[in-house]
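Here, each number is a calculation from the coordinates, and none is a lab measurement. None of the values given here were measured: they were computed from a predicted structure.
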Amino acid sequence: MFRASLAGIVAVLVLSQVNPAYAANLVTNPGFESQVSTLGSWPSGYGYWQGDYSAIVTTENGVAPQGGSQMLNFIYSASAQPDDHTASELIQLIDISAYHDLILTGQATATGSVYFNRVLGDSQTDTQFAVRLLAMSGVPADFPVPDYGLWVLTFSESSIESDGNPATWEQASVQLQLPANTDYLAILIWARENVFNDTTGVEFDGHYADSASVEIIPEPATMSLLAVGLGAVFMRKRRKG
Ligand SMILES: [Ca+2]
Ligand SMILES: [Ca+2]
Ligand SMILES: [Ca+2]
């Protein structure tokens, strides 16, 4: 019994050595330390942020970056100017071809998270932020904006109510079991005008995001099955030896 569990532990250790890419952050420019393209809505390729009008800023309005020296500042709910839309959105498409074999098994889980923060503001200051992780089929060039429903296999979304304390960052997290035919991922992050929908002038009083992360991990069930399998092999070898 002791040997069997020891073998399991060894198998897990071996597994983590075999594929060190598990739990790697797949987001490019996750901490907004380099420039973001804000022209247009949906990106046409992998590995960069695009969406509504935003800016990369250093500490301002009493808000310091969650990590590094810069962070994202949500500005407009459209790509060029204030608009009657009720959210400022940024999108990144993520190449997951390195995980093709794992995803084909239907046993891959993607996790996503982003930190949000805002100024205290006043009675009209918006308070809601959200993150959405989407499993997509096809390639980015297929994408028929705005009818993306055709290419979305499934998605998971989490919205949070931020506090009025600019010294604290609030984290929003999602988990998504990936269908076996998932070709790539998309992460969407929002600041939402849930309190007051300005249509001109300043839409957000000082709303920020930082330190985005997307990881792909084998589901715990798969992990233990693999561990049991490798453990069995390990025990057999020990007996033979
Ligand atoms: Ca940062
Ligand atoms: Ca806060
Ligand atoms: Ca507003």
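See the values below:
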| item | result |
| --- | --- |
| Three principal axis lengths of the range 149-205 [C-alpha, angstrom, descending] | 43, 28, 15 |
| Taking only Cα atoms of the range 99-155, radius of gyration then Dmax in Å | 16.9, 51 |
| Enclosed volume per residue, in Å³, of the convex hull spanned by Cα atoms of the range 125-180 | 115 |
| Percent RCO, i.e. relative contact order, over the range 22-146, from Cα pairs under 8 Å lying at least 6 residues apart | 23 |
| Histogram of C-alpha separations across the range 60-216, 10 Å bin width, % | 11, 36, 32, 17, 4, 0 |
| Bins of 10 Å, starting at 0 and running to the largest distance - Cα pair percent for the range 20-114 | 14, 38, 31, 14, 2 |
